[in-house]
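The values are calculated or read from the model by the stated rules, or taken from the named source; none is laboratory data. Here the structure is a predicted model, which is why all the values come from computation and not from measurement. Counting neighbours? That spans all protein chains shown, and the Cβs are built from the backbone with ideal geometry, glycine included. Just the protein is used for accessible areas: all its heavy atoms, side chains included, with ligands, DNA and RNA removed. Shrake-Rupley method; radii C 1.70, N 1.55, O 1.52, S 1.80 Å.
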Amino acid sequence: SSNQVDGLQFEQNSTLSLKAEHAFKNAPDLWFEKNTGVNPVPVLLNGNDQGFGSLTINNPHAYIETPAAAPATLTLVQSASDIAPENDFFRGPISIVKKGAKAMTFNGATRSTGGSIRVEEGTLAFGASGKWSSATNVTVSGSTAVLSVANSAALPKSCTIRVENGGKIDVAAGTVVRAKEIWFGDRRICGTYTAADYPDYITGEGAVRGSGLGIMVIVR
């Protein structure tokens, strides 16, 4: 592991294979720069949790991947510029932790095959064609944390969404965000709700719907 790396820049024919947890302790910035070739430029997590600072993507052949049998968590402190990862930029069972004030916007499908999404700072946005196909949990936690969902965007309907500690869901007009369960703080909601119902948790003109039914028994 290293505390001395400020930034990593990748160009044509570059691969970074990470074999240790949190290999760079100071979360260096990560750049994928343009090149004229078509060779892939991957960062391979190999099942190891990692953290980076601001992510810059100027290379359509770049991606971050972990093997199907080796889930990993990637923490991004996005503070330098907004980013919009290409389709399939995240591959395999990768969980995402979003920090930093700048936005991360998905406008295409990913190859993520599980894991979770956690927004702690800034905006994680799903554009009109944005999809994260199989996350099991989506958490928006923090006074500056926003999950923004545009019309036609898709989160997994089987996931559990938790909004807490001042976080918010911003839903575009005409959009209904659906999930198996939606929790606002310690309250589980079933049915469809708008900002008029939960102004502390929902903004925008769309709605959220929790479809998980059943009885919860609390034994004290």
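Nearest 5 percent is fine: what portion of the DSSP beta bridges confined to the chain is antiparallel?
Numbers: 7 of 71 bridges.
Counting only bridges with both partners in the chain, antiparallel ones make up about 10 percent.
Express in nm, to one decimal, how much length is gained between T15 and T136 on full extension, taking 0.36 nm for each residue of separation and deducting their alpha carbon distance. If you can, show how the numbers build up before the last one.
On the way: separation 121, 0.36 × 121 = 43.56 nm, distance 2.92 nm.
Between T15 and T136, full extension yields 40.6 nm more.
Which residue, A150, A179, A196, has the most motion in a Gaussian network model of the chain that connects Cα atoms within less than 10 Å?
Comparing A150, A179, A196 in a Gaussian network model of the chain, the most mobile one is A196.
Measuring with a 1.4 Å probe in the full set of protein chains, what accessible area per residue, in whole Å², belongs to region 1-74? Present the calculation step by step, with values, prior to reporting the outcome.
On the way: 3660 Å² over 74 residues.
That works out to 49 Å² for each residue.
Once Rh is set to the Kirkwood radius over Cα pairs, what Stokes-Einstein translational diffusion coefficient, in µm²/s, holds for the chain at a temperature of 4 °C and a viscosity of 1.567 mPa s? Walk me through the numbers before you get to the answer.
Numbers: Rh = 17.9 Å.
The Stokes-Einstein estimate is 72 µm²/s.
Taking a ≥ b ≥ c as the square roots of the eigenvalues of the Cα gyration tensor of region 122-218, is the shape rounded (a/c under 1.5), prolate (a/b larger than b/c) or oblate?
rounded
Nearest 5 percent is fine: what portion of the DSSP beta bridges confined to region 111-216 is antiparallel? Please list the in-between numbers first.
Working: 7 of 37 bridges.
Close to 20 percent.
May I ask you to give the percent of accessible area on the chain that is carbon plus sulfur, with a probe radius of 1.4 Å?
Numbers: 4850 of 10290 Å².
Answer for the chain is 47 percent, counting heavy atoms of protein chains only.
Nothing charged except the Cβ atoms of Lys and Arg (+1) and of Asp and Glu (-1): what's the magnitude of the dipole of the chain about its Cα centre? Round to the nearest 20 debye. Present the calculation step by step, with values, prior to reporting the outcome.
Numbers: 19 positive and 19 negative charges, 135 e Å.
I would put it at about 640 debye.
Where Rh is the Kirkwood radius over the Cα pairs of region 76-181, the temperature 10 °C and the viscosity 1.306 mPa s, what D in µm²/s does Stokes-Einstein return? Spell out each step's value before the answer.
Values: Rh = 13.3 Å.
This corresponds to a translational diffusion coefficient of 119 µm²/s.
Please name whichever of Q12, I96, P42 sits farthest to the positive end of the charge dipole of the chain, dipole taken about the Cα centre and charges placed at Cβ: Lys and Arg +1, Asp and Glu -1.
The listed residue farthest towards the positive side: I96.
Given q = 0.16, 0.22, 0.25 Å⁻¹, what are the Debye log10 I(q)/I(0) values for region 1-96, with equal point scatterers placed on the Cα positions and solvent ignored?
-0.62, -1.22, -1.52
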